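Visitor: I'd like to ask some things about the structure below.
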Amino acid sequence: MKKGKAITLLSIVCVLLAALFVMTFARFSVGVKDDYISIVGAIDLDYDMAGGVAYTLELDEDNDEEITDIDQVVETLESRMEALGYSVYSVTAIKPIVNGVEAKDLDYQIRICVKSTESIASDIQTITAYGTVSFVGGESQNPTTEIFVDENAVESASYSGSGYDEGGNELYQVGLTLTESAYNELMESIDAATANNASYYLGIKLGDAVVMDGSTAISKDAFSGRTVYITNQSEAGAKQLALQLSTGGLAYKFNGADKPMAITAPIGKTGAMMAGITVFALLVCSAIVFFVKYKGYGVVATLSLLTFILVETAMMVAVPGIVFSIGGIIGGILASILCADGLTMIVKRISEEGSNGKTVKSAIKTGYKRALFPVLNTSVVSGIVALLLFAFTKGVIKTFAIAFGIGAVVSFLTTVLVSRMFTELILPLVKNKEKFLNIKREEA
């Protein structure tokens with residue numbers, strides 16, 4: 001590549017990189033209603049980094065029995081939090097404090113701390129709901145006669161995604177699968193209603209709360225096998241409904257689900273800022289090491305690593321559904337180290353090829369070719385580990401897996417493509433190319 005063309009292209013790339021850097025970290029007013037928010041500021045932070053709300057649940061006086069296994073209650077609440085998509089939260093059982101002393105003779109309180117979301121109020125109501133699932137049916141609207149008495153009629157219930165009604169409105173579905181005996185009983189009731197030239201109506205209740213009213217007639221055609229699909233106006237509502245139908249309510253009645261209290265992040269108000277400073281410090285330290293050890297190629301490595309960090313950060317906003325936690329920070333840092341390791345591998349291969357007598361151009365081509373498989377192998381293994389962690393873990397580990405998995409892909413592309421681009425653009429501007437690439441020729 002000619003020097004003039006290399007200068008032009010490198011200038012364009014550096015301007016774009018600088019613009020992305022500013023967009024990533026700078027926050028400033030642009031004279032409109034909503035000020036410009038940086039990419040970092042747009043990242044959705046989880047409870048451990050941004051704070052949230054806390055609910056303190058107290059055992060209702062109407063409970064007939066004392067809680068015999070508080071750990072089981074906590075585990076049930078945790079499983080329901082995860083079923084509704086919460087990954088970072090805390091559910092703890094505590095004894096009330098009276099006059100600064102733990103009152104061991106009083107009932108346990110349950111404290112739930114979690115990120116505040118649009119649906120958090122209804123989610124907490126769902127998670128702490130009391131009572132069992134019951135069905136009512138009959139040949140009149142809004143029936144009150146209980147059916148499926150003395151049996152568990154629900155085999156399973158799960159969120160089934162979205163669909164559209166005849167008017168084009170988006171609805172969210174829950175697939176409710178009845179047990180075989182309940183299904184057969186319901187079909188017999190529908191047949192009996194049809195024989196009487198009437199319709200059959202089905203309602204579902206959770207304790208005293210109505211989950212589905214019986215205002216719409218139900219027919220055999222509504223079932224796919226033993227599964228009937230119930231619609232809801234919102235995705236959060238559909239997921240809540242699926243959870244209620246599949247697990248029922250708690251065995252104990254608690255109060256306090258309607259009284260949230262704002263709380264700060266467990267790792268402190270400046271946790272997110274300190275995480276950003278840590279990443280920036282990692283970039284600076286890596287740049288110093290690259291410059292000291294690999295001379296001119298440190299410029300290529302630093303620019304490549306900076307590109308990786310900016311793209312990885314942007315991906316945390318661009319990919320839907322990512323909520324960043326401390327696990328994500330750790331995953332991003334490890335992915336940065338993975339990228340730095342790949343860059344180190346490449347410069348070593350180039351230096352080895354040049355030391356064996358090859359020209360600079362040939363050393364670059366062969367060095368990248370030799371480094372491709374090891375870099376790809378490391379990235380693939382890292383990606384597989386991330387997928388396994390994502391599939392079989394929860395909480396902070398899952399957010400670590402997301403950031404590390406995305407980072408492994410971005411790292412590979414940065415190492416084999418972005419660094420090669422910077423090498424090709426910068427090399428025509430360098431007088432001593434061998435010294436720039438840290439090539440040491442062996443004397444004959």
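The values are calculated or read from the model by the stated rules, or taken from the named source; none is laboratory data. Just so it is clear, the model here is predicted, and its values are computed rather than measured. Every residue, glycine as well, gets a Cβ built from its backbone with ideal geometry; the counts of neighbours run over all protein chains shown.
Visitor: Suppose we keep only residues that are small (G, A, S), under 29 Å from the mean Cα position of the chain (by Cα) and assigned to a strand (DSSP E or B) within segment 112-157. Which one would you say is farthest from A217 (Cα to Cα)? Lay out the reasoning, then the answer.
Guide: Taking segment 112-157 first, the residues small (G, A, S) are 116, 119, 121-122, 129, 131, 134, 137-138, 140, 153, 156-157.
Subsequent filtering for residues that are under 29 Å from the mean Cα position of the chain (by Cα) retains 116, 119, 121-122, 129, 156-157.
Filter again for assigned to a strand (DSSP E or B), leaving 156-157.
Values: S156: 22, A157: 21 Å.
This residue is S156.
Visitor: I would also like to ask the following. Going through segment 41-60 one residue at a time, which ones are part of a loop (DSSP other than H, G, I, E, B) and at negative phi? Spell out how you get there, then give the answer.
Guide: Of all residues in segment 41-60, those part of a loop (DSSP other than H, G, I, E, B) come to 43-44, 46, 51, 60.
Once the filter is applied, which keeps residues that are part of a loop (DSSP other than H, G, I, E, B) and at negative phi, segment 41-60 yields I43, D44, D46, D60.
Visitor: Moving to a separate point now. From the list Q240, Q233, exactly one residue is out of contact with any helix residue (DSSP H, G or I) (no Cβ under 9 Å at 6 or more places or on another chain) and in contact (Cβ under 8 Å) with a residue 60 or more places away in the chain. Which is it? Write out each step before concluding.
Guide: Working: Q240 fails: out of contact with any helix residue (DSSP H, G or I) (no Cβ under 9 Å at 6 or more places or on another chain).
Unique residue meeting the criteria: Q233.
Visitor: Among what's in segment 61-76 and is out of contact with any strand residue (DSSP E or B) (no Cβ under 6 Å at 6 or more places or on another chain) and either part of a helix (DSSP H, G or I) or not acidic (D, E) (or both), pick the residue that is farthest from G131 (Cα to Cα).
Guide: Here is the first cut: in segment 61-76, the residues out of contact with any strand residue (DSSP E or B) (no Cβ under 6 Å at 6 or more places or on another chain) are 61-69, 71-73, 75-76.
Narrowing further to those that are either part of a helix (DSSP H, G or I) or not acidic (D, E) (or both): 63, 67-68, 71-73, 75-76.
Values: N63: 11, I67: 15, T68: 18, D71: 19, Q72: 17, V73: 14, E75: 18, T76: 14 Å.
Within segment 61-76, the match that is farthest from G131 (Cα to Cα) is D71.
Visitor: Would you be able to say whether some residue in segment 318-333 is of a type in the set (F, W, Y) and modelled with pLDDT of 85 or more? Show your work before the answer.
Guide: Step one: filter segment 318-333 for residues of a type in the set (F, W, Y), giving 324.
This time we only want the ones that are modelled with pLDDT of 85 or more, so: none.
Scanning segment 318-333, I find no residue that is of a type in the set (F, W, Y) and modelled with pLDDT of 85 or more, so the answer is no.
Per-residue answers, yes or no, for (1) under 20 Å from A236 (Cα atoms); (2) crowded, with 19+ Cβ neighbours inside 10 Å; (3) without any contact (Cβ under 8 Å) to a residue 60 or more places away in the chain:
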site: K115; (1), (2), (3): yes, yes, no
site: S122; (1), (2), (3): yes, no, no
site: F135; (1), (2), (3): no, yes, no
site: D150; (1), (2), (3): no, no, yes
site: E155; (1), (2), (3): no, no, no
site: S158; (1), (2), (3): yes, no, no
site: G161; (1), (2), (3): yes, no, yes
site: Y172; (1), (2), (3): yes, yes, no
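Visitor: Let me ask another. Is it true that G225 is surrounded by fewer than 18 Cβ atoms within 10 Å (Cβ to Cβ), on the phi < 0 side of the Ramachandran plot and touching a residue at least 12 places away in the same chain (Cβ under 8 Å)? Full working, then the answer.
Guide: Working: surrounded by fewer than 18 Cβ atoms within 10 Å (Cβ to Cβ): yes; on the phi < 0 side of the Ramachandran plot: no; touching a residue at least 12 places away in the same chain (Cβ under 8 Å): yes.
For G225, the condition - surrounded by fewer than 18 Cβ atoms within 10 Å (Cβ to Cβ), on the phi < 0 side of the Ramachandran plot and touching a residue at least 12 places away in the same chain (Cβ under 8 Å) - is not met.
Visitor: Which residues, counting only those in segment 317-332, are over 26 Å from I346 (Cβ atoms) and surrounded by 19 or more Cβ atoms within 10 Å (Cβ to Cβ)?
Guide: Within segment 317-332, the subset over 26 Å from I346 (Cβ atoms) is 317-329.
Scanning segment 317-332 gives V323, F324, S325, I326, G327, G328, I329.
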